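J.: Shown below is the structure under consideration.
All of the numbers you see were taken from the coordinates with simple rules; none came from a lab. Computed from a prediction, not measured in an experiment: that's the story for all the values here. Using ideal geometry, Cβ is built from the backbone for each residue, glycine included, and neighbour counts are taken over all protein chains shown.
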Number of protein chains: 2
Amino acid sequence: MEMKELSPKECHAILQRAETGRLGCSFENQPYIVPVSIACDDDSIYVFATFGQKIKWMRANPKVCLQVDEIKDHSRWSSVVAYGRYQELPEPQFKQQREHARKLLQQRHDWWLNAVAERRIATKDVSVEPMFFRIQIDSVTGLGTE
Amino acid sequence: MEMKELSPKECHAILQRAETGRLGCSFENQPYIVPVSIACDDDSIYVFATFGQKIKWMRANPKVCLQVDEIKDHSRWSSVVAYGRYQELPEPQFKQQREHARKLLQQRHDWWLNAVAERRIATKDVSVEPMFFRIQIDSVTGLGTE
């Protein structure tokens, strides 16, 4: 089996097919990884989440990455990492982008409910509001089997 | 569906069942994630890899994390993050630990071959030697559905 570097076009195609990914953030050089629900367009990754450690860390350090993979079996797989910058999408100034993100994420509503339920359990607060954010992609890199 | 925080014992049980994980490292506060083949015992995660960006970064900053998850379906899943410190296991002083790691990793030899092949393709160097490293676990945290 041989591996090859994926082209930016191949990386973007894998990102756009992905429903979930692993978000990496870092605070004082301590990395943290969390599985998230995602939807991508050409230059951004939209992520749904509730307030938590990862949001606090990304506010302090907006340099993030997102890793996705497609694993058919041990000899047929690919892995892509997108590097980018965390950006919140608060109302009302990002209303249009939030609507765009909401449409892209719409098919993954189970994961939305998960994230909201998680936060509600953790805080005992049933009024927790979901939040979106965006990762503006700076670069992509990937490896895959030929 | 409700989620709960997993106990350290539950987190360690999930880590010990895992064959693969996502390794997070960080350099100058830029996080990076790579899928890796792993094997765990009570206080360490053993990882097989070849020399590459992730090794360079971890030498510069040994604070790392490793995330694993078990996803049965959207309503039954768990995710664990272990925080720890990167430690190389060079010969000959870590001969015993390398042998221990080798035994633990033995059942995942396809992934070993992947990592070696990856490096050989990237460097055109067929003499690339595999390397092990260890993550000494400092703490674990996890969430799962009940």
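J.: Between copies, how close do the B:E28 label points come, placed 7 Å along Cα→Cβ, listed in nm from shortest?
T.: Counterpart label points of B:E28 in the remaining copies fall at 2.2 nm.
J.: As an exercise, use a Förster radius of 35 Å and the Cβ-Cβ distance of A:S75 and B:S139 to find the FRET efficiency, rounded to the nearest 0.05.
T.: Values: r = 35 Å, r/R0 = 1.01.
For R0 = 35 Å, the calculated efficiency reads 0.50.
J.: Related question: Going by amide H atoms built from the backbone, whose H comes under 5 Å of the H on A:A18, apart from near neighbours?
T.: none
J.: Based on the mean of other beta carbon atoms within 10 Å per residue, what is the order of A:30-42, A:85-97, most packed first?
T.: Working: A:30-42: 20.5, A:85-97: 13.2.
Most protected by this proxy first, the peptides run A:30-42, A:85-97.
J.: Next question. I need the per residue convex hull volume for region A:1-101, using only the alpha carbons, in cubic angstrom as a whole number.
T.: Numbers: hull volume 11.7 nm³, N = 101.
Spread over its residues, the Cα hull of region A:1-101 gives 116 Å³ apiece.
J.: Beyond 23 Å between alpha-carbons counts as too far, so tell me which of A:K4/A:K72; A:K9/A:K95; A:K9/A:K56; A:K63/B:K9; B:K9/B:K54; B:K4/B:K72 fall in that bin. Walk me through the intermediate numbers first.
T.: Details: A:K4/A:K72 16 Å; A:K9/A:K95 29 Å; A:K9/A:K56 32 Å; A:K63/B:K9 32 Å; B:K9/B:K54 29 Å; B:K4/B:K72 16 Å.
Beyond 23 Å: A:K9/A:K95; A:K9/A:K56; A:K63/B:K9; B:K9/B:K54.
J.: Which length gain, in nm to one decimal place, applies between B:E5 and B:D42 when the Cα-Cα distance is subtracted from 0.36 nm times their residue separation?
T.: Details: separation 37, 0.36 × 37 = 13.32 nm, distance 1.97 nm.
In short, 11.3 nm is gained.
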